[in-house]
Amino acid sequence: MKDIIFEKCHQHFDDIVAIRRDIHQHPEIGFDVERTACIAADALEALDIPVRTGIGRTGVVGDLEIDGATRCIALRADMDALPIQEQTDVPFKSRIDGKAHLCGHDAHTAMLIGTARILSNLKSQLKVNIRFIFQPCEEAYPGGAQAMISDGVLDGVDEIYGIHVFPLYPVGKYATCPGPMLAQSDIFEITITGRGGHAAFPHLTVDPIVIGAEFVNAAQSIVSRNVDPLDSAVVSITQFHGGDAKNVIPPSVTLGGTVRTLKQEVQKRISSQLENLLVGIAKAYEATYTFAYQEGCPVTYNHDPCVEKVLSSAKTLVGDEDVIYPISPILGGEDFACYSQQIPACFVMVGAGNEQEGIVNMCHHPQFDIDESCMLYGMALTASLGLMK
Ligand code: NI
(Lines give C-alpha, C1' and ligand atoms only; values in the text may rest on other atoms or scores of the structure.)
Protein backbone atom coordinates (compact mmCIF):
# COMPACT_ATOMS: atom_id res chain seq x y z
CA MET A 1 0.00 0.00 0.00
CA LYS A 2 2.90 2.33 0.79
CA ASP A 3 4.08 2.21 -2.84
CA ILE A 4 0.60 2.87 -4.19
CA ILE A 5 0.17 5.87 -1.86
CA PHE A 6 3.49 7.45 -2.84
CA GLU A 7 2.82 6.73 -6.51
CA LYS A 8 -0.51 8.59 -6.24
CA CYS A 9 1.15 11.45 -4.33
CA HIS A 10 3.72 11.84 -7.12
CA GLN A 11 0.99 11.67 -9.76
CA HIS A 12 -0.85 14.65 -8.21
CA PHE A 13 2.23 16.51 -6.98
CA ASP A 14 2.75 19.10 -9.76
CA ASP A 15 -0.88 20.09 -9.66
CA ILE A 16 -0.90 20.38 -5.87
CA VAL A 17 2.23 22.55 -6.00
CA ALA A 18 0.48 24.81 -8.54
CA ILE A 19 -2.58 25.09 -6.25
CA ARG A 20 -0.37 25.90 -3.27
CA ARG A 21 1.48 28.60 -5.22
CA ASP A 22 -1.76 30.12 -6.43
CA ILE A 23 -3.12 30.31 -2.88
CA HIS A 24 0.24 31.65 -1.71
CA GLN A 25 -0.01 34.55 -4.17
CA HIS A 26 -3.53 35.39 -2.99
CA PRO A 27 -3.41 35.23 0.82
CA GLU A 28 -6.61 35.82 2.78
CA ILE A 29 -6.89 36.55 6.49
CA GLY A 30 -9.13 35.31 9.30
CA PHE A 31 -12.66 34.42 8.24
CA ASP A 32 -12.27 36.33 4.94
CA VAL A 33 -11.03 33.34 2.98
CA GLU A 34 -13.70 33.18 0.26
CA ARG A 35 -11.32 32.72 -2.66
CA THR A 36 -9.38 29.91 -0.96
CA ALA A 37 -12.60 28.25 0.21
CA CYS A 38 -13.86 28.36 -3.37
CA ILE A 39 -10.73 26.56 -4.61
CA ALA A 40 -11.28 23.82 -2.01
CA ALA A 41 -15.02 23.51 -2.74
CA ASP A 42 -14.46 23.37 -6.52
CA ALA A 43 -11.77 20.71 -6.11
CA LEU A 44 -14.07 18.51 -4.02
CA GLU A 45 -17.00 19.00 -6.38
CA ALA A 46 -14.82 17.96 -9.30
CA LEU A 47 -14.37 14.64 -7.47
CA ASP A 48 -18.14 14.26 -6.99
CA ILE A 49 -17.70 14.64 -3.25
CA PRO A 50 -20.80 16.32 -1.73
CA VAL A 51 -19.75 19.73 -0.41
CA ARG A 52 -21.18 22.10 2.18
CA THR A 53 -19.92 25.68 2.21
CA GLY A 54 -20.40 28.49 4.70
CA ILE A 55 -19.74 26.17 7.66
CA GLY A 56 -18.19 28.24 10.47
CA ARG A 57 -18.83 31.30 8.28
CA THR A 58 -16.43 30.48 5.41
CA GLY A 59 -15.39 26.88 6.05
CA VAL A 60 -15.85 24.05 3.55
CA VAL A 61 -16.79 20.45 4.37
CA GLY A 62 -16.70 17.51 1.98
CA ASP A 63 -18.01 14.02 2.80
CA LEU A 64 -16.61 11.03 0.97
CA GLU A 65 -19.22 8.40 1.82
CA ILE A 66 -18.31 4.72 1.62
CA ASP A 67 -20.96 2.02 1.16
CA GLY A 68 -21.43 0.04 4.34
CA ALA A 69 -19.03 2.18 6.42
CA THR A 70 -20.21 3.03 9.92
CA ARG A 71 -17.29 5.11 11.12
CA CYS A 72 -16.07 8.51 9.97
CA ILE A 73 -12.66 10.11 10.27
CA ALA A 74 -12.06 13.78 9.65
CA LEU A 75 -8.98 15.38 8.09
CA ARG A 76 -8.57 19.08 8.74
CA ALA A 77 -6.67 21.82 6.90
CA ASP A 78 -6.61 25.50 7.86
CA MET A 79 -6.82 28.10 5.07
CA ASP A 80 -5.92 31.52 6.55
CA ALA A 81 -2.78 33.63 6.06
CA LEU A 82 -1.13 36.14 8.41
CA PRO A 83 -1.07 39.96 8.48
CA ILE A 84 2.71 40.02 7.88
CA GLN A 85 4.79 41.36 4.98
CA GLU A 86 6.49 38.49 3.18
CA GLN A 87 10.25 38.93 2.74
CA THR A 88 11.13 35.91 0.62
CA ASP A 89 12.35 35.86 -2.98
CA VAL A 90 10.10 33.05 -4.20
CA PRO A 91 8.64 33.66 -7.68
CA PHE A 92 5.13 33.06 -6.36
CA LYS A 93 5.45 35.65 -3.58
CA SER A 94 2.31 37.17 -2.00
CA ARG A 95 0.72 39.73 -4.30
CA ILE A 96 -1.01 41.48 -1.42
CA ASP A 97 0.92 43.96 0.72
CA GLY A 98 0.91 43.12 4.42
CA LYS A 99 -0.63 39.68 3.99
CA ALA A 100 1.18 36.39 3.46
CA HIS A 101 1.02 32.65 3.96
CA LEU A 102 3.87 32.49 6.47
CA CYS A 103 2.48 29.59 8.48
CA GLY A 104 2.08 27.15 5.59
CA HIS A 105 -1.72 27.02 5.60
CA ASP A 106 -1.57 27.40 1.79
CA ALA A 107 0.27 24.06 1.73
CA HIS A 108 -2.21 22.54 4.21
CA THR A 109 -5.12 23.44 1.95
CA ALA A 110 -3.39 22.20 -1.21
CA MET A 111 -2.33 18.94 0.48
CA LEU A 112 -5.85 18.18 1.68
CA ILE A 113 -7.12 18.69 -1.88
CA GLY A 114 -4.43 16.21 -2.95
CA THR A 115 -5.50 13.75 -0.27
CA ALA A 116 -9.13 14.05 -1.40
CA ARG A 117 -8.03 13.18 -4.94
CA ILE A 118 -5.96 10.21 -3.79
CA LEU A 119 -8.69 8.81 -1.53
CA SER A 120 -11.30 9.28 -4.27
CA ASN A 121 -9.05 7.32 -6.63
CA LEU A 122 -8.76 4.57 -4.01
CA LYS A 123 -12.39 4.71 -2.92
CA SER A 124 -12.95 0.98 -3.42
CA GLN A 125 -10.32 0.30 -0.75
CA LEU A 126 -11.75 2.63 1.90
CA LYS A 127 -13.43 1.18 4.97
CA VAL A 128 -14.50 4.42 6.70
CA ASN A 129 -16.24 7.59 5.61
CA ILE A 130 -13.90 10.56 5.25
CA ARG A 131 -14.80 14.15 6.11
CA PHE A 132 -12.53 16.80 4.60
CA ILE A 133 -12.55 19.98 6.69
CA PHE A 134 -11.20 23.25 5.24
CA GLN A 135 -11.19 25.71 8.12
CA PRO A 136 -10.95 29.52 8.17
CA CYS A 137 -9.35 31.68 10.86
CA GLU A 138 -6.89 29.45 12.69
CA GLU A 139 -4.66 32.38 13.63
CA ALA A 140 -7.10 34.31 15.85
CA TYR A 141 -9.03 33.05 18.85
CA PRO A 142 -11.92 32.34 19.09
CA GLY A 143 -11.60 31.34 15.47
CA GLY A 144 -12.59 28.93 12.77
CA ALA A 145 -12.43 25.63 14.65
CA GLN A 146 -14.88 26.87 17.27
CA ALA A 147 -17.16 28.32 14.60
CA MET A 148 -17.17 25.11 12.55
CA ILE A 149 -17.83 22.99 15.66
CA SER A 150 -20.80 25.24 16.49
CA ASP A 151 -22.09 24.53 12.97
CA GLY A 152 -21.85 20.79 13.63
CA VAL A 153 -18.68 19.89 11.73
CA LEU A 154 -17.87 17.11 14.21
CA ASP A 155 -21.36 15.56 14.17
CA GLY A 156 -20.95 11.91 13.26
CA VAL A 157 -17.14 12.10 13.28
CA ASP A 158 -15.29 9.45 15.31
CA GLU A 159 -11.77 10.84 15.14
CA ILE A 160 -9.87 13.74 13.60
CA TYR A 161 -6.35 14.37 12.33
CA GLY A 162 -4.48 17.57 11.53
CA ILE A 163 -1.01 18.18 10.13
CA HIS A 164 1.28 21.21 10.16
CA VAL A 165 4.33 21.85 8.01
CA PHE A 166 7.32 22.45 10.28
CA PRO A 167 10.63 23.78 8.87
CA LEU A 168 12.61 22.96 12.02
CA TYR A 169 12.46 19.30 10.95
CA PRO A 170 13.83 18.23 7.55
CA VAL A 171 11.57 16.98 4.78
CA GLY A 172 10.77 13.30 5.10
CA LYS A 173 10.24 13.31 8.86
CA TYR A 174 7.09 13.22 10.95
CA ALA A 175 6.87 14.29 14.59
CA THR A 176 4.24 14.03 17.29
CA CYS A 177 3.74 13.05 20.92
CA PRO A 178 1.07 11.52 23.15
CA GLY A 179 -1.09 13.72 25.40
CA PRO A 180 -0.65 17.50 25.44
CA MET A 181 1.26 18.69 22.36
CA LEU A 182 0.54 22.42 22.11
CA ALA A 183 -0.28 24.86 24.88
CA GLN A 184 -3.35 26.59 26.17
CA SER A 185 -2.60 30.25 25.44
CA ASP A 186 -4.35 32.89 27.51
CA ILE A 187 -3.95 36.66 27.65
CA PHE A 188 -4.44 39.17 30.44
CA GLU A 189 -4.68 42.93 30.85
CA ILE A 190 -4.16 44.86 34.06
CA THR A 191 -4.71 48.48 35.00
CA ILE A 192 -3.12 49.83 38.16
CA THR A 193 -4.49 53.16 39.32
CA GLY A 194 -2.72 55.26 41.95
CA ARG A 195 -2.57 59.04 42.23
CA GLY A 196 -0.55 61.10 39.78
CA GLY A 197 1.41 64.22 40.60
CA HIS A 198 4.66 66.17 40.47
CA ALA A 199 7.72 63.97 40.13
CA ALA A 200 9.49 66.06 42.81
CA PHE A 201 6.66 65.43 45.32
CA PRO A 202 6.38 61.63 45.25
CA HIS A 203 5.10 61.56 48.86
CA LEU A 204 1.91 63.24 47.62
CA THR A 205 1.31 60.57 44.97
CA VAL A 206 0.60 56.86 44.73
CA ASP A 207 3.08 55.94 41.99
CA PRO A 208 1.60 53.25 39.68
CA ILE A 209 4.95 52.76 37.90
CA VAL A 210 6.66 51.59 41.09
CA ILE A 211 3.65 49.40 41.90
CA GLY A 212 3.58 47.98 38.36
CA ALA A 213 7.30 47.24 38.52
CA GLU A 214 6.79 45.44 41.84
CA PHE A 215 4.04 43.37 40.25
CA VAL A 216 6.15 42.48 37.18
CA ASN A 217 8.93 41.21 39.46
CA ALA A 218 6.54 39.33 41.74
CA ALA A 219 4.89 37.62 38.75
CA GLN A 220 8.27 36.04 37.88
CA SER A 221 7.97 33.93 41.02
CA ILE A 222 4.79 32.19 39.83
CA VAL A 223 6.49 29.75 37.46
CA SER A 224 9.47 29.23 39.79
CA ARG A 225 7.56 28.99 43.12
CA ASN A 226 3.92 28.04 42.43
CA VAL A 227 4.21 25.59 39.53
CA ASP A 228 5.49 22.02 39.95
CA PRO A 229 9.03 21.99 38.48
CA LEU A 230 8.03 19.01 36.32
CA ASP A 231 5.16 20.95 34.71
CA SER A 232 5.60 23.49 31.91
CA ALA A 233 4.36 27.06 32.00
CA VAL A 234 5.12 30.53 30.69
CA VAL A 235 4.11 33.84 32.25
CA SER A 236 5.27 36.71 30.05
CA ILE A 237 4.41 40.34 30.67
CA THR A 238 4.78 41.88 27.25
CA GLN A 239 3.24 45.34 27.65
CA PHE A 240 3.84 48.08 30.24
CA HIS A 241 2.35 51.45 29.29
CA GLY A 242 2.22 54.60 31.40
CA GLY A 243 3.35 58.18 31.64
CA ASP A 244 3.79 60.99 29.10
CA ALA A 245 6.22 63.43 30.74
CA LYS A 246 9.58 62.98 32.45
CA ASN A 247 8.59 65.14 35.40
CA VAL A 248 5.09 63.79 36.04
CA ILE A 249 4.08 60.68 37.94
CA PRO A 250 1.13 59.29 35.93
CA PRO A 251 -2.17 58.37 37.58
CA SER A 252 -2.27 54.86 36.13
CA VAL A 253 -0.43 52.23 34.08
CA THR A 254 -1.61 49.29 32.01
CA LEU A 255 0.14 45.95 31.72
CA GLY A 256 -0.55 43.04 29.41
CA GLY A 257 0.82 39.57 28.84
CA THR A 258 0.30 35.93 28.06
CA VAL A 259 0.12 32.67 30.00
CA ARG A 260 0.94 29.31 28.34
CA THR A 261 0.20 26.02 30.05
CA LEU A 262 -0.29 22.33 29.26
CA LYS A 263 -2.53 21.37 32.19
CA GLN A 264 -5.73 22.91 33.40
CA GLU A 265 -4.74 22.82 37.08
CA VAL A 266 -1.55 24.73 36.27
CA GLN A 267 -3.51 27.29 34.27
CA LYS A 268 -5.97 27.82 37.16
CA ARG A 269 -3.12 28.16 39.66
CA ILE A 270 -1.36 30.77 37.54
CA SER A 271 -4.41 32.89 36.80
CA SER A 272 -5.44 32.95 40.45
CA GLN A 273 -1.90 33.65 41.66
CA LEU A 274 -1.56 36.58 39.24
CA GLU A 275 -4.59 38.14 40.85
CA ASN A 276 -3.46 37.24 44.40
CA LEU A 277 -0.23 39.15 43.83
CA LEU A 278 -2.10 42.06 42.34
CA VAL A 279 -4.54 42.25 45.28
CA GLY A 280 -1.71 42.19 47.82
CA ILE A 281 0.59 44.62 46.06
CA ALA A 282 -2.21 47.09 45.26
CA LYS A 283 -3.39 46.99 48.89
CA ALA A 284 0.13 47.46 50.27
CA TYR A 285 0.65 50.56 48.12
CA GLU A 286 -2.91 51.94 48.42
CA ALA A 287 -3.69 51.59 44.72
CA THR A 288 -6.65 50.05 42.91
CA TYR A 289 -6.56 47.70 39.95
CA THR A 290 -8.56 45.96 37.26
CA PHE A 291 -7.66 42.47 36.08
CA ALA A 292 -9.07 40.97 32.88
CA TYR A 293 -8.00 37.39 32.19
CA GLN A 294 -9.11 35.88 28.90
CA GLU A 295 -8.82 32.17 28.27
CA GLY A 296 -7.63 31.41 24.76
CA CYS A 297 -7.09 28.38 22.62
CA PRO A 298 -7.13 25.24 24.82
CA VAL A 299 -4.47 22.51 24.91
CA THR A 300 -4.03 20.45 21.73
CA TYR A 301 -4.35 16.95 23.10
CA ASN A 302 -3.31 13.78 21.26
CA HIS A 303 -5.33 10.70 22.19
CA ASP A 304 -3.50 7.37 22.41
CA PRO A 305 -5.49 5.33 19.83
CA CYS A 306 -5.07 8.12 17.25
CA VAL A 307 -1.37 8.51 18.07
CA GLU A 308 -0.97 4.75 17.52
CA LYS A 309 -2.54 5.02 14.06
CA VAL A 310 -0.31 7.96 13.15
CA LEU A 311 2.80 6.13 14.32
CA SER A 312 1.92 3.01 12.42
CA SER A 313 1.15 4.97 9.21
CA ALA A 314 4.21 7.19 9.52
CA LYS A 315 6.60 4.31 10.24
CA THR A 316 5.25 2.36 7.28
CA LEU A 317 5.76 5.40 5.03
CA VAL A 318 9.25 6.53 6.05
CA GLY A 319 10.65 3.93 8.46
CA ASP A 320 11.10 4.07 12.24
CA GLU A 321 14.14 6.34 12.24
CA ASP A 322 12.37 9.20 10.45
CA VAL A 323 9.49 9.35 12.90
CA ILE A 324 10.50 11.68 15.72
CA TYR A 325 8.62 10.43 18.75
CA PRO A 326 7.81 11.55 21.30
CA ILE A 327 8.66 15.24 20.76
CA SER A 328 8.49 17.62 23.73
CA PRO A 329 5.28 19.65 23.82
CA ILE A 330 5.46 23.13 22.28
CA LEU A 331 4.13 26.19 24.15
CA GLY A 332 2.68 27.71 20.98
CA GLY A 333 -1.08 27.51 20.45
CA GLU A 334 -3.12 25.94 17.62
CA ASP A 335 -6.89 25.93 17.38
CA PHE A 336 -6.95 22.26 16.26
CA ALA A 337 -7.08 22.06 20.08
CA CYS A 338 -10.82 22.76 19.98
CA TYR A 339 -11.47 19.57 18.00
CA SER A 340 -9.13 17.56 20.24
CA GLN A 341 -11.14 18.66 23.28
CA GLN A 342 -14.27 17.11 21.74
CA ILE A 343 -13.28 13.84 20.06
CA PRO A 344 -10.20 11.57 19.77
CA ALA A 345 -7.56 13.43 17.76
CA CYS A 346 -3.93 13.59 16.77
CA PHE A 347 -1.89 16.50 15.43
CA VAL A 348 1.32 15.84 13.52
CA MET A 349 4.25 17.98 12.43
CA VAL A 350 5.45 17.24 8.90
CA GLY A 351 9.10 18.11 8.30
CA ALA A 352 9.40 20.93 5.74
CA GLY A 353 12.93 22.24 6.26
CA ASN A 354 15.91 21.97 3.93
CA GLU A 355 19.17 23.34 5.32
CA GLN A 356 21.06 23.20 2.00
CA GLU A 357 18.39 25.37 0.39
CA GLY A 358 18.31 27.72 3.40
CA ILE A 359 14.74 26.73 4.27
CA VAL A 360 15.08 26.90 8.04
CA ASN A 361 12.90 29.80 9.21
CA MET A 362 10.14 29.00 11.68
CA CYS A 363 6.44 29.66 11.02
CA HIS A 364 5.44 33.37 11.26
CA HIS A 365 8.97 34.50 10.27
CA PRO A 366 8.82 37.01 7.34
CA GLN A 367 11.12 34.66 5.40
CA PHE A 368 9.25 31.47 6.30
CA ASP A 369 9.24 28.99 3.45
CA ILE A 370 8.83 25.26 2.94
CA ASP A 371 10.55 22.68 0.80
CA GLU A 372 7.51 21.83 -1.30
CA SER A 373 8.42 18.15 -1.47
CA CYS A 374 7.14 18.02 2.14
CA MET A 375 3.67 18.04 0.57
CA LEU A 376 4.29 14.50 -0.71
CA TYR A 377 4.70 13.38 2.88
CA GLY A 378 1.75 15.39 4.17
CA MET A 379 -0.55 13.88 1.54
CA ALA A 380 0.89 10.40 2.08
CA LEU A 381 0.24 10.48 5.82
CA THR A 382 -3.35 11.74 5.65
CA ALA A 383 -4.16 9.40 2.76
CA SER A 384 -2.75 6.49 4.70
CA LEU A 385 -4.80 7.45 7.79
CA GLY A 386 -7.88 7.55 5.58
CA LEU A 387 -7.16 4.05 4.34
CA MET A 388 -7.12 2.60 7.87
CA LYS A 389 -10.18 1.18 9.63
NI1 NI B 1 -0.21 27.44 11.52
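Couple of notes before you dig in:
- Protein accessible area in the chain, 1.4 Å probe - carbon and sulfur %: 50
- With Cα atoms defining each centre, the stretch 337-389 and the stretch 240-288 are spaced 38 Å apart in the structure.
- Mean Cβ count within 10 Å, highest first, over the residues of peptides 7-14, 182-189: 182-189, 7-14
- What you get for the stretch 238-372, charging only the Cβ of Lys and Arg (+1) and of Asp and Glu (-1), is a dipole of about 880 debye around the Cα centre.
- Rounded if a/c under 1.5, otherwise prolate or oblate - the chain, Cα gyration tensor axes: prolate
- Ordering L274, P178, L47 by the projection of their Cα atoms onto the charge dipole of the chain, which places +1 on the Cβ of Lys and Arg and -1 on the Cβ of Asp and Glu, puts L274 at the extreme positive end.
- Adding -39500 (n - 2.57) for every DSSP H run of four residues or longer, then dividing by how many residues the chain holds, sets the calculated 222 nm ellipticity at -11000 deg cm²/dmol.
- For the stretch 184-294, radius of gyration divided by Kirkwood radius, i.e. Rg to Rh on alpha-carbons: 1.03
- For the stretch 295-336, the residues whose backbone nitrogen is under 19 Å from a point 7 Å from the Cα of E355, taken along Cα to Cβ, are 321-325.
- For the chain, the dipole from Cβ point charges (+1 on Lys and Arg, -1 on Asp and Glu) about the Cα centre works out to 620 debye, to the nearest 20.
- Square roots of 5 times each gyration tensor eigenvalue, C-alpha, the stretch 1-157, largest first, Å: 27, 20, 11
- Charge dipole (the chain, unit charges on Cβ, about Cα centre) - positive-most of N226, G243, F188: N226
- Paramagnetic label zone (point 7 Å from Cα along Cα-to-C-beta, E7; backbone N under 19 Å) in the stretch 296-316: 316
- Per residue accessible area of the stretch 184-294, 1.4 Å probe, in Å²: 55
- Gain in span if fully extended, D32 to V279, counting 0.36 nm per residue against the direct Cα distance: 84.8 nm
- Evaluated over the chain, the count of Lys pairs having alpha-carbon atoms less than 25 Å apart is 25 (only pairs 8 or more residues apart or interchain).
- Using a Förster distance of 35 Å, the FRET efficiency for R225-H198 (Cβ separation, nearest 0.05): 0.40
- Peptides 318-325, 112-119, 196-203 ranked from most to least packed by the mean count of surrounding Cβ atoms within 10 Å: 112-119, 318-325, 196-203.
The values are calculated or read from the model by the stated rules, or taken from the named source; none is laboratory data. No experiment lies behind these values; they were computed from the predicted model shown. For neighbour counting, all protein chains shown are included, and Cβ atoms are generated from backbone atoms with ideal geometry for every residue, glycine included. These area figures cover heavy atoms from the full protein model, side chains too; ligands, DNA and RNA do not enter into them. Shrake-Rupley method; radii C 1.70, N 1.55, O 1.52, S 1.80 Å.
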